[in-house]
Amino acid sequence: MYRVWNFLTNYSLLLIIGAIIALIWANTNPSSYHHFVEFVIWDHAPIGHYHDGHRTLTLHYLVNDLLMAFFFAIAAKEVWEAVILKNGSLRGKKAATPLFATAGGMFGPIAVYLGLAAMLGSDTYSAVANGWAIPTATDIAFSYLIGRLVFGAGHPAVRFLLLLAIADDAVGLIILAVFYPSGELAPEWLLVSLAAAIAVYVLFNWLPRRLDRGKEARPNSTWVRNKLSFLPYLLAGCVSWYGFMRSGIHPALGLLFIVPTIPHADRAFGIFSEAEQYLTDLLNTIEHWLKHPVEIVLFLFGLLNAGVEFSSIGDATWLVLAGLLIGKPVGILLFGWVAARPLGLGLPQGMRIIDLVVIGFVAAIGFTVSLFVASVAFDAGPVQDAAKMGALFSFAAALVAIIAGKITRVQKQDI
């Protein structure tokens, strides 16, 4: 499992370090921390937050809106391969029950979050309602790690969890795009992004292959790969990102149109599969090139977003935690049972219905995406800080999952 350990120790470990530094800094010298977060790089810039008739590029905008686009591009790459390629993990009947469970892992947290918010009164509900998507997230790397610890690497529940997490990422990208615009919507600008994607695909992917038909040496495709490499896709990505920014859709999703245009392998080996390290198609090569830059981006993301004062704990904190720790396992159990039993789709051999509860607790580790959604769901202030604290506290789900595994007598399968 080379890729999961590589991903966790490099990407997620740096993210945690950044988050810890932010928490210490914000609780010891909050004024200097917030001054650092909102540091102005370029006033009256062509990109950045729009206010008073001009744009301002701050450090926070640079990381959250521009550089995080590379992180979401990697997530989109895994989702794309799982859906479109031969042997993709989200294709066919094998993915049916995990997809149903994913729906439960979305609707359950939303119902708990909004239901409890309504019980707290109309004022509280109005203040926190826009954060309904925060507890729907699943941090794929950390959840996979805890899943391995609870079930063992060879247990079918681990693969089930992985399918659920990939599908969760896919739905999460859609939620971000549809429900959390970054400004006033101008959807006509998406045509710019779409045009960039079509142009780069036709000129640098489809046309060279078309010209190479019947030529074993593939001279045109080889020339494009060797001489131009990723540059056409980088330029198209810049245009696409700008189109997303001007459209009002969160620009961190600005590379989503470009990912499917890049030449890719003809089959998927599965996320975290060891075989992935040997693939030399351009899409996987670009992912490998992005490894170190994204490590730094995630460190900066944790540093710039996790700095909340412990005094900020409030209603949104407990609502996010309740959505994750109650809504996730209940939703996954209910929808997973319906798919497996009444609908007859079944579970993987060696997996029990009760294992869905444990999977639900493992999937309740929201962290990265929950933190990101909290930063876009609310304006900077006490409600946003309280919601972020709930995302950070979601690590408690790891301990709950381990205890649930013991109570339900999970039989670990290490091979």
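General observations
- Put a plus charge on the Cβ of each Lys and Arg, a minus charge on the Cβ of each Asp and Glu, and nothing anywhere else: the dipole of the chain about its Cα centre is then about 1700 debye.
- Gyration tensor verdict on segment 47-165 (Cα atoms; rounded if a/c is under 1.5, prolate if a/b is larger than b/c, oblate otherwise): oblate
- Distance histogram for segment 264-415 (every C-alpha pair counted, 5 angstrom bins, percent rounded to whole numbers): 2, 8, 13, 13, 13, 14, 15, 13, 6, 1, 0
- Shape of segment 170-210, Cα gyration tensor, a/c cut at 1.5: oblate
- Computed [θ] at 222 nm, helices only, for the chain once each DSSP H run of length n ≥ 4 contributes -39500 (n - 2.57): -18000 deg cm²/dmol
- Long-range HN-HN contacts of Gly346 with modeled amide H, under 5 Å: Ala340, Arg341
- Along the axis of the charge dipole computed for the chain (Cβ charges of +1 for Lys and Arg, -1 for Asp and Glu, origin at the Cα centre), the listed residues Tyr201, Gly172, Gly307 are led at the positive end by Tyr201.
- Once the GluC sites (Glu not before Pro) in DSSP loops with at most 12 neighbouring Cβ atoms within 10 Å are cut out of the chain, the longest remaining piece is 217-415.
- Semi-axis lengths (Å, descending) of the ellipsoid that matches the C-alpha gyration tensor of the chain: 33, 30, 19
- In order along segment 225-234, phi translates into HN-Hα couplings of 5, 6, 8, 9, 6, 8, 4, x, 6, 5 Hz, rounded to whole numbers, per the Karplus curve 6.51 cos²θ - 1.76 cosθ + 1.60 with θ = phi - 60° and x for Gly and Pro.
- Charge-dipole axis of the chain as Lys and Arg at +1 and Asp and Glu at -1 on Cβ define it, positive-most pick from Ile332, Trp25, Phe71: Ile332
- Computed from backbone phi with θ = phi - 60° and the Karplus coefficients 6.51, -1.76 and 1.60, the 3J(HN,Hα) list for segment 44-61 is 6, 8, x, 10, x, 5, 9, 7, 6, x, 8, 9, 10, 8, 9, 4, 4, 5 Hz; x is used for glycine and proline.
- Amide H contacts for Ala45 (H built 1.01 Å from N in the peptide plane; partners 5 or more residues away or on another chain; cut-off under 5 Å): Arg55, Thr56, Leu57.
- Per-residue HN-Hα couplings for segment 101-111 [Karplus 6.51, -1.76, 1.60; θ = phi - 60°; Hz; x = Gly/Pro]: 4, 4, 4, x, x, 9, 5, x, x, 4, 4
- Value of Rg/Rh across segment 142-221 [Cα atoms, Kirkwood radius]: 1.23
- Set of aspartates and glutamates with alpha-carbon distance to Lys86 below 13 Å, sequence-local pairs under 8 removed: Asp266
- 4 °C / 1.567 mPa s Stokes-Einstein diffusion coefficient of segment 136-291, Kirkwood radius on C-alpha pairs, µm²/s: 73 µm²/s
- Net dipole in debye of segment 58-106 [+1 Lys, Arg Cβ; -1 Asp, Glu Cβ; about Cα centre; nearest 20]: 360 debye
- Environment charge of Ala322, counting only residues whose C-beta is closer than 12 Å and scoring Lys/Arg +1, Asp/Glu -1: 0
- The charge dipole of segment 178-228, taken about its Cα centre with unit charges on the Cβ of Lys, Arg, Asp and Glu (plus for the first two, minus for the last two), comes to roughly 520 debye.
Every read-out reported here was derived from the displayed coordinates using simple, explicitly stated rules and does not represent laboratory data. Please read these numbers as outputs of a predicted model, since none were measured by experiment. Don't worry about glycine lacking a Cβ; one is built from the backbone with ideal geometry, like all the others, and counts go over all protein chains shown.
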